[in-house]
Ligand code: PSV
Ligand code: MN
């Protein structure tokens with residue numbers, strides 16, 4: 001049975017919009033500061049970070065210039081260190097905190113047939129041992145999100161037994177949740193294809209939701225914007241997950257063909273605005289006002305041809321700009337138009353917000369925060385410095 005949705009309230013004052021922007025915080029990915037590329041070639045970009053320490057420095061600089069990216073996600077073993085408390089302290093000294101910890105279960109030969117779903121129990125135990133290590137890293141760095149993406153799937157019909165794989169998956173996920181302290185969350189990321197091409201063990205949001213529901217309140221769904229087939233209505237997925245209390249977070253990026261990991265908002269800014277609009281609308285209902293866990297807005301982009309640091313600043317300011325526009329939708333007028341079946345007016349109300357120039361509003365938000373009015377312009381000097389210093 002569907003839940004009754006309350007009539008929304010319009011954010012009336014500039015102060016309320018500015019306060020809502022204060023609450024919109026992002027997390028940038030450590031792996032987005034190195035040189036990116038394709039499986040054909042990786043272009044070494046000037047200034048790209050070479051160590052975990054440089055990755056944290058860059059993430060901290062993004063936050064200094066934008067004021068809205070106070071956390072950095074780490075990926076293990078890419079960001080492996082001997083002393084995780086020292087890593088957390090280094091981050092803090094630079095003005096950021098460690099966000100989600102991402103286990104890497106996709107870069108070893110032994111995971112070729114799967115990690116959590118591998119037919120051999122000893123490989124599944126290895127995968128779980130790595131996850132346990134990540135949970136320990138969470139405790140040592142003050143992170144409360146374990147962000148899990150599995151490469152698991154099969155390439156050929158008959159390769160493995162689907163139902164047995166599903167049982168292995170559920171068992172390993174249950175063990176994963178049991179490793180977590182009560183205050184931490186497991187975010188389950190889905191992907192409809194790649195690296196396997198015949199089937200993927202967690203192919204879509206519905207499957208991730210099914211798992212999250214079985215695993216209980218600590219498990220939620222992570223939506224990577226690059227992980228859907230062409231033409232999928234992502235705003236509808238977001239609305240559905242929100243209404244179920246299972247939208248844990250995002251991997252923001254842009255796609256053109258597949259999991260392209262292009263700069264946030266670069267291909268279809270209107271789609272991202274419509275996604276944010278669903279969130280803003282939901283949090284204006286009573287169900288939204290009482291929702292407990294915050295949505296983790298994480299970026300997952302690697303740029304093949306841009307200097308990664310500048311691309312990250314661009315991504316953060318683009319997402320903030322689109323979120324600000326989403327805050328301006330006149331939800332009350334929209335609902336009136338929807339109830340009257342006035343499709344033209346309804347669409348115009350949405351477009352009106354999208355085409356509003358939010359630059360003055362963001363300039364005011366930035367001046368109150370003490371961050372540069374034009375973060376991208378300010379970031380150029382830092383980019384030149386790292387390009388010269390890092391060779
Ligand atoms: C997989 O395509 C993915 O989106 C997952 O989030 C990984 O952790 C990430 O990319 C890193 O490459
Ligand atoms: Mn991702």
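Derivation of every value follows stated rules applied to the coordinates shown; laboratory data play no part. This one's a predicted model, so the numbers in the text were calculated from it and none came from an experiment. Here Cβ is always computed from backbone atoms with ideal geometry, including for glycine, and neighbour counts include all displayed protein chains.
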Q. On alpha-carbon atoms, Rg over Rh for segment 1-145 using Kirkwood Rh?
A. 1.09
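Determine how many Å³ per residue the convex hull of the Cα atoms of segment 69-194 encloses.
On the way: hull volume 13.9 nm³, N = 126.
About 111 Å³ per residue, rounded to a whole number.
Highest mean first, what order results for 343-355, 121-133 on Cβ atoms within 10 Å?
Values: 343-355: 14.5, 121-133: 16.2.
For the peptides 343-355, 121-133, the packing ranking is 121-133, 343-355.
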Q.
How far apart, in nanometres, would the label points at residue 83 and residue 15 be if each is projected 7 angstrom from Cα along the Cα-to-Cβ direction?
A. 4.7 nm
(Q) Only bridges whose two residues both fall in segment 94-234 count here: according to DSSP, what percent of them are antiparallel, nearest 5? (A) 15 percent
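Suppose we keep just the DSSP beta bridges with both residues in the chain; what percent of those would be antiparallel, to 5?
Values: 4 of 32 bridges.
DSSP beta bridges in the chain are roughly 10 percent antiparallel.
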Q.
How are the alpha carbon pair distances in the chain distributed across 20 Å bins from zero to the largest one, expressed in percent?
A. 27, 59, 14, 0
Q) At what distance in nm do the modelled label points of residue 194 and residue 289 sit from each other, each positioned 7 Å from its Cα along Cα→Cβ? A) 4.2 nm
**Q.** Of 166, 306, 325, the one that fluctuates the most in a GNM where the chain has Cα springs shorter than 10 Å
**A.** 166
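Provide the gained length on full extension for the span residue 110 to residue 356, in nm with one decimal, where the gain is 0.36 nm per separating residue minus the Cα-Cα distance.
On the way: separation 246, 0.36 × 246 = 88.56 nm, distance 5.18 nm.
In short, 83.4 nm is gained.
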Q | Residue list for segment 18-59, given a label point 7 angstrom along the Cα-to-Cβ vector of residue 380 and an amide N cut-off under 19 Å | A | 46-48
Q. What does the convex hull of the alpha-carbon atoms of segment 154-205 project to on average, in nm²?
A. 4.1 nm²
Q: With springs only between Cα atoms under 10 Å apart, run a GNM on the chain and tell me which of 193, 65, 40 wobbles the most.
A: 40
(Q) Can you bin every Cα-Cα distance in segment 231-356 into 5 Å intervals starting at zero and give me the percent of pairs per bin, rounded to whole numbers? (A) 2, 10, 18, 21, 20, 14, 9, 4, 1, 0
**Q.** Estimated [θ] at 222 nm from DSSP helical runs (n ≥ 4, -39500 (n - 2.57)) normalised by residues in the chain, nearest 500
**A.** -14500 deg cm²/dmol
**Q.** Simple label model, 7 Å out from Cα along Cβ direction - residue 23 to residue 369, nm
**A.** 1.6 nm
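Can you give the Rg/Rh ratio of segment 336-381, where Rg is from the C-alpha atoms and Rh is the Kirkwood radius?
Numbers: Rg = 17.1 Å, Rh = 13.1 Å.
Over the Cα atoms of segment 336-381, Rg/Rh equals 1.31.
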Q: Work out how much length residue 345 to residue 50 would gain on full extension: take 0.36 nm times their residue separation and subtract the Cα-Cα distance, in nm to one decimal.
A: 101.0 nm
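Provide the gained length on full extension for the span residue 256 to residue 170, in nm with one decimal, where the gain is 0.36 nm per separating residue minus the Cα-Cα distance. Mind showing how you got there, number by number?
Working: separation 86, 0.36 × 86 = 30.96 nm, distance 3.24 nm.
Roughly 27.7 nm would be gained on extension.
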Q. Å³ per residue of the Cα convex hull, for segment 312-370?
A. 81 Å³
